[in-house]
There are 2 protein chains.
Amino acid sequence: MHTIQELQKFISDEIEKEVILLNESKPINLYGPIGYTLAMGGKRLRPVMVLLACNLFTDKIERAFPAALAIEVFHNFTLLHDDIMDQADMRRNSLAVHKKYNENIAILSGDAMSIMAYKYLEKSETENLGKMIRLFSDTALEVCEGQQFDMDFETRLNVSIPEYLNMIRLKTAVLLACSLKMGALAANAPERISDLLYVFGLDLGIAFQLRDDLLDVFADQVKFGKKIGGDIISNKKTFLLLKALELSDDLTKKELLEWIEKKEFDHQEKIEAVKKIYIKLNIKEITEKNIDNFYQSALNVWEEIEVPGETKTELLLLAKMIMSRDH
Amino acid sequence: MHTIQELQKFISDEIEKEVILLNESKPINLYGPIGYTLAMGGKRLRPVMVLLACNLFTDKIERAFPAALAIEVFHNFTLLHDDIMDQADMRRNSLAVHKKYNENIAILSGDAMSIMAYKYLEKSETENLGKMIRLFSDTALEVCEGQQFDMDFETRLNVSIPEYLNMIRLKTAVLLACSLKMGALAANAPERISDLLYVFGLDLGIAFQLRDDLLDVFADQVKFGKKIGGDIISNKKTFLLLKALELSDDLTKKELLEWIEKKEFDHQEKIEAVKKIYIKLNIKEITEKNIDNFYQSALNVWEEIEVPGETKTELLLLAKMIMSRDH
């Protein structure tokens, strides 16, 4: 049985090897940006989830390496294309690919990453390969759907909470769920447990994204790293904003909408004003309650997962780690 | 046994059904552009090749429908993203997706198409599915490599003919080769013949692209449809230009380079001037000779393909059709 830290080390080493190969591959303007993207780092949360799920059923976690790489490459592909769409210049304190290279290179190397994800996955040596590829395609397409819903929401004010939850399920949660199930499939785990792991990952993924929304406004600035209030500035339809629009009286709603519609404003002033409204409406507590509901739901599923005690504990530690992050 | 025209009808009907489904799917800003792209039409050359190759071995061509759809969706995805990269506003007399919708929608719906191609392919009911998915991924990544080499060539003048041939092999020929092999795999054809079909498609694909280069300059304007000389205006590194740079004496090369470097010029004047140089250097005849070499090479492979006479003749008709196109 391996700890989360050990798994993180395993996958980081695997990725490092791939980055060396990528940086030697031609055309360099296609594979160089891919190596650059993968070398940026990050928590490697998703591939760790793949390996951890595999480890619940077997010590041979190398069986899940291809799937872990596939998921990480796919996730980084979505970030790369998202950065073009959002015109975000920075990613993990480095220049985004479309800024370091150019937009065409960013589009094309992203396209190649999406295909490379399949090529990694195809290396999995298991009778479950067909299932894994189908799960991967279904998930990948859902992530695209989630991203489009998110973009659609930018120009809408009447987004309901159920619509929002469905969007983050697609955009964020299904990939975490898929990561766990993929690791289980790579280990030839029983279908019932693989499915439970998927549901566990889904609940956890929604809680994870809601916490992300919360941190943008209420994080500790020192630990948070990036600037607080980015979502407020860009009028992002987060759980917090949608809940505030739902709960506010006419006067407060008018004030909130005025801030949303303002074209010119002082950033800090807008952040403070919106945050004040959130505090008045108890949005922090309501969001925390919702996060906890999804987290409890995940824990209930966890109870049902029948694997030996020690490995199951590591899965719980992962969940706690995801829930306790402050940046 | 089906004629090419019948196969074209079959695949068009299949695509039409998919378009109806796509236009009903949500989010509409993701699936609408995909339906729009697939409904634009085109010759459906690649899916017809899939079905025709399948038909060499079985009458049950519906076995190859998933693969045919996969290849056509993938091909249209590459066109969609190419149009963003080339800033091409029109595609098949319709607005390109990034113009009709916007660039973000074009990026994301392209991403989704690339995944949908896999989802279609996964529906293939054959023991060869693993092989087909691997062939598809390998080919798709090669197409990305070809596109990047093509973009790299834009800023280079010292592209050699072998480099150019390698680029069009990747960007164009491998997908035609893959189409034929895919149809054969869907029909559980013997490996030797599947591989021969791949090589046949590869030679044909290179001849096809060289003819494309030739038509841009020497086509009959009436039949050609689009404007003649587009490649000359944009200084595209075609076989014709690279051959002319290779064969020209110092004075002619200087003239050619001056036209390439000019920022402001009369379009018609540049086309006439470059065409005159091509004619002086016998570029038309040299290109035709090269096309014929690849075509003859394809015919030699065709001789080796052991399938019943009637269906084999249809494969030859397809090759002739590809070679005789004038637009």
Against the condition part of a helix (DSSP H, G or I), crowded, with 18+ Cβ neighbours inside 10 Å and of a type in the set (Lys, Arg), how does B:Lys181 come out, does it pass? yes
Since B:Lys263 meets every condition but one in (1) modelled with pLDDT under 95; (2) surrounded by 13 or more Cβ atoms within 10 Å (Cβ to Cβ), which condition does it not meet? (2)
When the residues of the stretch B:9-33 are filtered to those that are under 19 Å from the mean Cα position of the chain (by Cα) and surrounded by 18 or more Cβ atoms within 10 Å (Cβ to Cβ), which remaining residue is farthest from the other protein chains (Cβ to nearest Cβ)? B:Ile11
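The rows are residues; the columns are (1) small (Gly, Ala, Ser); (2) more than 30 Å from A:Ser297 (Cβ to Cβ); (3) surrounded by 14 or more Cβ atoms within 10 Å (Cβ to Cβ).
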{"site": "A:Tyr198", "(1), (2), (3)": "no, no, yes"}
{"site": "A:Leu202", "(1), (2), (3)": "no, no, yes"}
{"site": "A:Ala207", "(1), (2), (3)": "yes, no, yes"}
{"site": "A:Leu214", "(1), (2), (3)": "no, no, yes"}
{"site": "A:Ile228", "(1), (2), (3)": "no, no, yes"}
{"site": "A:Lys253", "(1), (2), (3)": "no, yes, yes"}
{"site": "A:His267", "(1), (2), (3)": "no, yes, no"}
{"site": "A:Lys270", "(1), (2), (3)": "no, yes, yes"}
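Go through the stretch A:151-171 and report how many residues are in contact (Cβ under 8 Å) with a residue 40 or more places away in the chain and more than 8 Å from every other protein chain (Cβ to nearest Cβ).
Count: 10.
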For the stretch A:43-65, which positions are free of Cβ contacts under 8 Å to residues at least 60 places away in the same chain and not in a loop (DSSP other than H, G, I, E, B)? A:Ile61, A:Glu62, A:Phe65
Any chance B:Ile105 is assigned to a helix (DSSP H, G or I), under 19 Å from the mean Cα position of the chain (by Cα) and aliphatic (A, V, I, L, M): no
It is to be established whether one or more residues within the stretch B:85-96 are assigned to a helix (DSSP H, G or I) and buried (at least 22 other Cβ atoms within 10 Å of the Cβ). no
Qualifying position, being under 24 Å from the mean Cα position of the chain (by Cα), part of a helix (DSSP H, G or I) and not aromatic (Phe, Trp, Tyr), among A:Lys312, A:Lys270: A:Lys312
So which residues in the stretch B:103-139 are small (Gly, Ala, Ser), facing another protein chain (nearest Cβ under 9 Å) and more than 23 Å from A:Thr126 (Cβ to Cβ), if there are any at all? B:Ser109, B:Gly110, B:Ala112, B:Ser114
Kindly provide the set of residues from the stretch A:84-114 that are within 23 Å of B:Gly146 (Cβ to Cβ), hydrophobic (A, V, I, L, M, F, W, C) and without any contact (Cβ under 8 Å) to a residue 60 or more places away in the chain, ordered by number. A:Ile84, A:Ile107
B:Glu310, sole failed condition from (1) within 18 Å of B:Asp213 (Cβ to Cβ); (2) loosely packed, with under 11 Cβ neighbours inside 10 Å: (1)
Report yes if A:Leu165 is closer than 27 Å to B:Ser109 by Cα and in contact with a His (Cβ under 7 Å, 6 or more places away or on another chain), otherwise no. no
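The values are calculated or read from the model by the stated rules, or taken from the named source; none is laboratory data. In this text, all values refer to a predicted model and were calculated from it rather than measured experimentally. So basically every Cβ, Gly included, is an ideal-geometry build from the backbone, and we count neighbours across all protein chains shown.
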